[in-house]
Structure formats: C-alpha cells, structure tokens
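Notes follow once the structure below has been shown.
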Amino acid sequence: MHELDSGIICSNGPCWSLDGKTLYFADTGKRLIYAYDYDTASGTVRSRRVFTSFETLRGLPDGATVDAEGYVWSCEVYSGRLIRFDPNGVIDRIVGLPVQSTTSLIFGGPNLDIAFVTSMARPHDNAYHREREAGCVFAVHGLGVRGVAEPRFKG
C-alpha cells in the first residue's frame with residue numbers, strides 16, 4: 001500500500017477511465033470529483049485536477065462508475081439523483097430516484113445496462129428517516145447506456 005493523496009475530507013467514488021489512465025475520485029466533503037493521471041504499472045497518480053464541482057448542485061458526490069461511452073456517473077447523495085458527466089466534467093444527464101440518500105451505483109445485468117443504486121438506511125441527517133425505501137437497492141432500467149465489467153482486485 002502507498003498513499004496516493006492527502007488532505008481528503010471524505011473519500012468516495014474511485015473509478016477509472018476506459019483506458020485505465022485516469023482515476024476519478026470524489027472528495028465528498030469538498031464537493032469535488034478530481035481526475036488524476038494514473039500509472040497502471042506502478043499504481044501512482046499525478047496531475048490532480050478538478051474534474052467537476054458540485055458547488056451549484058443540491059447534493060454531494062458519492063459513489064461513481066464509468067460507462068462504456070467513457071462518461072462518469074455519480075450518485076448525488078442527499079438529493080436522490082444520478083448525474084452523468086461527459087469526459088470534460090460537464091453534466092450530460094440527471095436521473096431522479098425515489099430516495100434522497102443514494103450512495104453508490106454499478107452497472108449490471110446480462111447486458112450491463114441496468115444501473116444498480118444503493119441507498120442509506122439511516123442517513124446521519126434525520127430529515128430522511130421517513131423514507132420507506134431508504135436502505136434499498138434500486139434497479140434503474142432504460143438509460144440507453146451500458147456499463148463495463150469491473151476488474152477483479154488482484155490482491
């Protein structure tokens with residue numbers, strides 16, 4: 001193990017570009033998703049830059065994944081939305097969900113075309129405690145995009 005970065009408030013949503021050369025990483029506390037140049041041979045990063053900011057959005061960046069078109073999907077926790085960003089960090093699409101406390105997502109199903117979204121059962125903010133579906137996993141169909149198979153951790 002080795003440290004990739006420091007000064008992070010709350011780490012979330014690590015995922016990689018399709019070619020594996022860019023690491024996307026959310027610092028939820030800073031309301032930012034960063035992009036780093038990633039060296040697949042050594043596992044090191046360099047050239048941290050802001051990929052996108054959630055400053056003008058309702059929620060915070062949480063779990064994320066990259067689809068087969070190279071777009072980044074992020075769960076906007078405390079707003080109940082999935083946000084798809086183009087490779088330049090510009091919002092491409094927003095998809096509403098039935099709970100505010102969305103946490104992460106991954107594409108699955110036989111064709112990798114279903115977004116599975118997790119949610120918190122008990123968010124730290126009790127404003128959402130009455131959500132009947134809080135803590136559920138949601139299957140979002142009909143997005144018109146596919147995910148990519150996630151690589152297995154080699155240990």
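If I take every Cα pair under 8 Å that is 6 or more residues apart in region 15-155, average their sequence separation and divide by the length, what percent do I get for the relative contact order?
Details: 314 pairs, mean separation 21.8, N = 141.
Over region 15-155, the number comes to 15 percent.
Result for the chain in a Gaussian network model with C-alpha springs under 10 Å: among THR56, THR22, THR40, the largest mean-square fluctuation is at THR56. Working from label points 7 Å from Cα in the Cα-to-Cβ sense, the VAL137 to ARG152 distance is 1.9 nm. Among ALA64, ALA41, ALA121, the largest mean-square fluctuation in a Gaussian network model of the chain, built with springs joining Cα atoms closer than 10 Å, belongs to ALA41.
Taking Cα centre as origin and charging only the Cβ of basic (Lys, Arg, +1) and acidic (Asp, Glu, -1) residues, the dipole magnitude of the chain rounds to 200 debye.
The packing ranking, built from the mean of other Cβ atoms within 10 Å per residue, places the peptides 108-119, 86-97 in the order 108-119, 86-97, highest first.
The phi-based Karplus calculation (6.51 cos²θ - 1.76 cosθ + 1.60; θ = phi - 60°) puts the 3J(HN,Hα) values of region 80-95 at x, 9, 9, 10, 9, 10, 6, x, 9, x, 8, 4, 9, 7, 10, 10 Hz, whole numbers, x for Gly and Pro. Put the Cα centre of region 2-51 next to the Cα centre of region 92-122 and the gap is 21 Å.
Charge dipole of region 64-126 (Cα centre as origin; +1 on each Lys and Arg Cβ, -1 on each Asp and Glu Cβ, all else neutral): 220 debye, rounded to the nearest 20.
Per residue, the chain exposes an accessible area of 56 Å² to a 1.4 Å probe, with every protein chain left in place.
Give me the orientation-averaged projected area of the Cα convex hull of the chain, in nm², one decimal. Don't skip to the answer; put the middle values down first.
On the way: hull surface 38.7 nm².
The orientation-averaged projected area of the Cα hull of the chain comes to 9.7 nm².
Cα gyration tensor of region 4-94, axes a ≥ b ≥ c as square roots of the eigenvalues: rounded (a/c below 1.5), prolate (a/b > b/c) or oblate? Note, shape of region 4-94 comes out oblate. With bins 10 Å wide beginning at 0, the percent of Cα pairs of region 1-45 falling in each bin runs 27, 56, 17.
The values are calculated or read from the model by the stated rules, or taken from the named source; none is laboratory data. Just so it is clear, the structure is predicted and the values come from calculations on it, not from any experiment. Every residue, glycine among them, receives a Cβ derived from its backbone with ideal geometry; neighbour counts consider all protein chains shown. Side chains included, ligands, DNA and RNA excluded: accessible areas come from the protein's heavy atoms. Shrake-Rupley method; radii C 1.70, N 1.55, O 1.52, S 1.80 Å.
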